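A.B. asks: Encoded as structure tokens, here's the structure I'll be asking about.
The values are calculated or read from the model by the stated rules, or taken from the named source; none is laboratory data. Here the structure is a predicted model, which means the values were calculated and not measured. Counting neighbours? That spans all protein chains shown, and the Cβs are built from the backbone with ideal geometry, glycine included.
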Amino acid sequence: MAQSAQDSDAAFFNLMHHFLAAANKGDGGMVLDETDAERRDKLRRPFRHVQRIAPGYCWDVPPESAWIEVRCHDLAQCGFSFFLDEKPGFERLVAMFRLAEPIYVAARVNHWRPVLIDAWGGVVEPCPTSPGAMSTLPRTESKFLVGCQFMRRFAL
């Protein structure tokens, strides 16, 4: 039986609510710095889960070979962010959020910036070194933090 668009939208918003509620209980804090507060009118919650994205796709169904795993950073009703080893060479992507059934969302890259990630997955601000350079801070990784805005939900 095919799922209606309204049922799929409801499932997507329930998923976002589930992730945001779990994040709120988990480490109890909003992830907002001054820069984030200036750019956003919606609150983001920590979302430290590995999900899959298909870079460069938006309107087409990505083939299995297009998917890569990324470590997410935060999530809001209007978008999410994740880490990459290098700056993104794409403007659009499809994200797959996994719960009971996967939910697919087309998104666009709004911004990216070099960051350092500490041993607990937190972002060290500001990034004191250029990406790829060795850090003097203990146990950190140089990454790019990529912020995306959801465009539409769809079924594969």
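A.B. asks: Can you say whether residue 54 is modelled with pLDDT of 95 or more and within 14 Å of the chain's Cα centre (by Cα), as far as the supplied structure shows?
C.D. replies: Details: modelled with pLDDT of 95 or more: yes; within 14 Å of the chain's Cα centre (by Cα): yes.
Answer is yes for this residue.
A.B. asks: Is it the case that residue 100 is farther than 18 Å from residue 120 by Cα, among the small types (Gly, Ala, Ser) and surrounded by 21 or more Cβ atoms within 10 Å (Cβ to Cβ)? Before the answer, list the steps.
C.D. replies: On the way: farther than 18 Å from residue 120 by Cα: yes; among the small types (Gly, Ala, Ser): yes; surrounded by 21 or more Cβ atoms within 10 Å (Cβ to Cβ): no.
Spelling it out, it is not the case that residue 100 is farther than 18 Å from residue 120 by Cα, among the small types (Gly, Ala, Ser) and surrounded by 21 or more Cβ atoms within 10 Å (Cβ to Cβ).
A.B. asks: For region 74-102, name all the residues that are hydrophobic (A, V, I, L, M, F, W, C) and either under 14 Å from residue 54 (Cβ atoms) or modelled with pLDDT of 95 or more (or both). First the steps, then the outcome.
C.D. replies: Here is the first cut: in region 74-102, the ones hydrophobic (A, V, I, L, M, F, W, C) are 75-76, 78, 80, 82-84, 90, 93-97, 99-100.
Residues satisfying the conditions are 80, 82, 83, 84, 90, 93, 94, 95, 96, 97.
A.B. asks: Among the listed residues 61, 109, 31, identify the single one that is at pLDDT 80 or above and touching an Asp or Glu at 6+ places or on another chain (Cβ under 6 Å). First the steps, then the outcome.
C.D. replies: Details: 61 fails: touching an Asp or Glu at 6+ places or on another chain (Cβ under 6 Å); 31 fails: at pLDDT 80 or above.
Going through 61, 109, 31 in turn, just one is at pLDDT 80 or above and touching an Asp or Glu at 6+ places or on another chain (Cβ under 6 Å): 109.
Yes/no matrix, rows are residues, columns are (1) surrounded by fewer than 17 Cβ atoms within 10 Å (Cβ to Cβ); (2) of a type in the set (Lys, Arg); (3) at pLDDT below 90:
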| position | (1), (2), (3) |
| --- | --- |
| 118 | yes, no, yes |
| 127 | no, no, yes |
| 133 | yes, no, yes |
| 136 | yes, no, yes |
| 144 | no, no, no |
| 150 | no, no, no |
| 153 | no, yes, yes |
| 156 | yes, no, yes |
